[in-house]
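A short write-up of the structure that comes next.
The values are calculated or read from the model by the stated rules, or taken from the named source; none is laboratory data. All of these numbers come straight from a predicted model, not from anything done at the bench. When we count neighbours, we look across all protein chains shown, and the Cβ atoms used for this are built from the backbone with ideal geometry, even at glycine.
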Amino acid sequence: IKKIGVLTSGGDAPGMNAAIRAVVRAGFYYNLEMYGIYRGYEGMINDDIKKLESKNIAHVLERGGTFLKSARSAEFRTPEGRQKAFDNLKKHGIDALVVIGGDGSLTGAHLFYQEFGIPAIGLPGTIDNDLSGTDSTIGFDTACNTAIQAIDKIRDTATSHDRLFFVEVMGRDAGFIAINAGIGSAAAATLIPEKKMPIEKLVERLKARKKAMKQSNIVIVAEGGKSGGATEIAEKIKKQLPSYDIKVTILGHLQRGGSPSSFDRVLASKLGVAAVEGLMQGKYDVMAGIINNKIVFTPITKAIVDDKEVDEDDFRIAKILST
Ligand code: F6P
């Protein structure tokens with residue numbers, strides 16, 4: 001391997017810049033040429049590819065977003081799109097790839113490896129934490145910190161006005177951000193897609209908290225919840241508890257921005273080096289992750305399919321602490 005291309009794809013996540021920097025620095029350390037592929041697979045198809053130098057990665061570690069930019073490419077899902085992308089890589093002599101992104105992005109890397117034999121390693125870059133083969137994905141910790149800081153602020157005003165807030169957090173169809181935000185912000189309840197909570201149960205819990213003279217009530221709702229998002233749940237509760245003053249806040253994309261936490265910087269940096277060393281050792285079509293503080297390589301097909309579940313203990317703990 002002589003020339004490695006690196007790209008970020010799908011929803012951006014804090015720590016992606018730190019990961020790119022580590023990949024490029026490690027590449028330079030091993031005397032490899034490093035190429036930035038801009039706007040994910042779109043850039044591969046449109047030949048938006050540039051050789052990277054040291055100056056490109058100066059002062060990026062601490063910045064949110066991704067300086068390589070990101071996109072969700074529909075064209076890369078077609079065989080014609082992937083052929084164009086491969087031709088562009090060949091043109092630049094790029095002989096290996098590091099793909100930083102979530103399950104869709106890693107699926108792309110897997111397909112590309114299957115079709116063209118381009119050695120590829122994936123890095124888990126998503127705030128959702130919904131990839132197997134790693135305890136935490138790059139960006140998850142920062143997103144949880146951001147959510148919790150925002151919820152703390154909501155709590156101030158909720159308490160002042162004796163209001164019940166429904167706060168919707170991201171996570172697509174996974175409840176990892178929600179369960180952490182729920183535990184970390186003393187939520188009255190946490191609704192996650194992995195566990196069904198009947199509306200009656202939530203009503204009961206809120207009534208019990210009122211009896212116990214709780215000063216404020218914040219219910220965390222994961223965006224992918226089976227009974228709907230925060231707005232739908234709030235409407236249902238309003239019907240059952242008409243005397244409550246209810247407000248809804250959707251945290252949305254603010255959870256994707258900001259300077260990465262120390263945890264995400266270190267995780268991204270370790271995994272960036274692991275990706276380059278893994279490629280040099282012939283580990284292809286795998287995702288690098290960290291489990292129990294050890295770097296592990298998991299086949300991409302396993303990392304994306306075996307979606308990990310919110311820990312049963314976390315769910316139990318959240319419940320104990322909110323009743
Ligand atoms: O996968 C990251 C994520 O932020 C999800 O939590 C969310 O459902 C989705 O991306 C939003 O995607 P977009 O920015 O394309 O609207």
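Points worth noting:
- Within segment 113-133, the set of residues being within 15 Å of the ligand (Cβ to nearest atom) and either over 12 Å from the mean Cα position of the chain (by Cα) or at negative phi (or both) comprises Gly122, Leu123, Pro124, Gly125, Thr126, Ile127, Asp128, Asp130, Leu131.
- Residue pairs whose Cβ atoms lie under 7 Å apart, sitting 6 or more positions apart in sequence or on different chains, and linking a residue in segment 160-177 that is within 16 Å of Ser136 (Cβ to Cβ) and touching a residue at least 60 places away in the same chain (Cβ under 8 Å) to a partner that is of a type in the set (Val, Ile, Thr) and near the ligand (Cβ under 8 Å from one of its atoms), are Met170/Ile127; Met170/Ile177; Ile177/Ile127.
- Look at segment 46-64: where a residue is assigned to a helix (DSSP H, G or I) and surrounded by fewer than 16 Cβ atoms within 10 Å (Cβ to Cβ) and a partner is modelled with pLDDT of 95 or more and not β-branched (Val, Ile, Thr), sitting 6+ places away or on another chain with Cβ atoms under 9 Å, you get Ser54/Arg25; Ser54/Phe28.
- Asp313 vs. criteria touching a residue at least 40 places away in the same chain (Cβ under 8 Å), on the phi < 0 side of the Ramachandran plot and surrounded by fewer than 15 Cβ atoms within 10 Å (Cβ to Cβ): no
- Scanning segment 134-176 for residues that are small (Gly, Ala, Ser) and either away from the ligand (no atom under 15 Å from the Cβ) or under 18 Å from Ala188 (Cα atoms) (or both) returns Ala147, Ala150, Ala158, Ser160, Gly175.
- Only strands (runs of 3 or more DSSP E) whose full extent lies in segment 97-204 are considered here, and the ones with at least 1 residues that are under 27 Å from Met16 (Cα atoms) are 120-124, 164-169.
- Residues that are in a helix (DSSP H, G or I) and away from the ligand (no atom under 16 Å from the Cβ) within segment 251-267 comprise Ser262, Phe263, Arg265, Val266, Leu267, listed in sequence order.
- For segment 87-112, a tally of residues being under 17 Å from Arg77 (Cβ atoms) and within 16 Å of the ligand (Cβ to nearest atom) returns 9.
- Within segment 68-79, residues that are within 18 Å of Asn17 (Cα to Cα) reach partners that are among the charged types (D, E, K, R) and in a loop (DSSP other than H, G, I, E, B) with beta carbons closer than 9 Å, at six or more positions or on different chains, in the pairs Leu68/Arg39; Lys69/Asp12; Lys69/Arg39; Lys69/Asp48; Ser70/Asp12; Ser70/Arg39; Ala71/Arg39.
- Flag if Val248 is touching a residue at least 40 places away in the same chain (Cβ under 8 Å), of a type outside the set (D, E, K, R) and not in a helix (DSSP H, G or I): yes
- In segment 281-306, the residues that are of a type outside the set (S, T, N, Q), in contact with a helix residue (DSSP H, G or I) (Cβ under 8 Å, 6 or more places away or on another chain) and on the phi < 0 side of the Ramachandran plot: Tyr284, Val286, Met287, Ala288, Gly289, Ile290, Ile295, Phe297, Ile300, Ala303, Ile304
- If you go through segment 215-227 and pick out every residue that is surrounded by 15 or more Cβ atoms within 10 Å (Cβ to Cβ) and either within 16 Å of the ligand (Cβ to nearest atom) or without any contact (Cβ under 8 Å) to a residue 40 or more places away in the chain (or both), you end up with 7.
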